[in-house]
Amino acid sequence: MNHVTTAQAAARLGVTQVAVRKLIGTGQLISVGVVGRVILLDADSVEQLARVGTRHGRPWTEENAWAALLLLSGNSQVEWVGSTQLSRLRRKLTKMEPAELPILARRRALVHRYRGTTDVVQRLRGHVLATSAAAMADDSTGQRFGLTGGAGIVDGYVMSGDAGALKEAYGLIDDREGNVVLREVVTIQAFTDGVPLAAIALDLMESPATRERNAGLRILEELLSGR
């Protein structure tokens, strides 16, 4: 596993090592162990945070994150959030920059990354609601984002607890760079009409692939400008 020290992470992010430790505490950076007195961090989590920025702001709860993503996608039927909170979310969205959304919505799902065989990947697709690059296998979604692909990978949302069950059932192996990404959620009400467009865009925006990030950013900019 690729890893970096807190000093290296601080230099990459342009913050102090004290700030890096706080980012570990909030879950924005992933600690993979300690050697002597040196904390080692997952390099991928550092690079992802470098892409979206370390802007301050309390992250939304999962329920509020999905309420905001539905509102941004043009769906006003959000029954699990009160009217006062919905009004606050609407106001926030009217003045939000795209780079803020990954920070505020980072608690929307618990992400698990695995590796599976080609056959397993094909079979897993029936168990998830596809997002990010995997969603581009749908022609209309691919046209909306200007992307093609989705073959060879699984990236999708599942109910809380399903990732572990699928891992055991299909013999998946933990791998942060694997071809299977399972995103566990509790707020299943948000998926009545499939994965919200804003969520697909947000997941793409966090991709390591430049073309995918740009496509996600473009759609988020369009959605936010329409608020």
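The values are calculated or read from the model by the stated rules, or taken from the named source; none is laboratory data. Only a predicted model underlies this, so the values are computations on that prediction, with no experimental measurement involved. Cβ: placed from backbone, ideal geometry, glycine included. Neighbour counts: every protein chain shown.
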Scanning the stretch 57-88 residue by residue, those closer than 17 Å to residue 223 by Cβ and β-branched (Val, Ile, Thr) turn out to be 78
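Looking at 118, 148, can you tell me which residue is out of contact with any strand residue (DSSP E or B) (no Cβ under 9 Å at 6 or more places or on another chain) and over 28 Å from residue 218 (Cβ atoms)?
Numbers: 148 fails: over 28 Å from residue 218 (Cβ atoms).
Among 118, 148, only 118 is out of contact with any strand residue (DSSP E or B) (no Cβ under 9 Å at 6 or more places or on another chain) and over 28 Å from residue 218 (Cβ atoms).
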Over the stretch 196-210, the set of residues surrounded by 14 or more Cβ atoms within 10 Å (Cβ to Cβ) and either outside any loop (DSSP other than H, G, I, E, B) or basic (Lys, Arg) (or both) is 197, 198, 199, 200, 201, 202, 203, 204, 205
Margin query: I'd like to check something: does the stretch 92-108 contain any residue that is among the β-branched types (Val, Ile, Thr), in contact with a Gly (Cβ under 9 Å, 6 or more places away or on another chain) and either crowded, with 17+ Cβ neighbours inside 10 Å or without any contact (Cβ under 8 Å) to a residue 24 or more places away in the chain (or both)?
Written below: yes
Filtering the stretch 126-153 for residues that are surrounded by fewer than 16 Cβ atoms within 10 Å (Cβ to Cβ) and of a type in the set (S, T, N, Q) leaves a count of 3
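Yes/no per residue for (1) part of a loop (DSSP other than H, G, I, E, B); (2) outside the structural domain of residue 185 (by TED's automatic domain parsing); (3) at positive phi; (4) under 14 Å from the mean Cα position of the chain (by Cα):
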site: 64; (1), (2), (3), (4): no, no, no, no
site: 112; (1), (2), (3), (4): no, no, no, yes
site: 143; (1), (2), (3), (4): no, no, no, no
site: 147; (1), (2), (3), (4): yes, no, no, no
site: 155; (1), (2), (3), (4): no, no, no, yes
If you go through 120, 78, the only one that is in a loop (DSSP other than H, G, I, E, B) and either surrounded by 15 or more Cβ atoms within 10 Å (Cβ to Cβ) or not assigned by TED's automatic domain parsing to the domain that holds residue 150 (or both) is 78
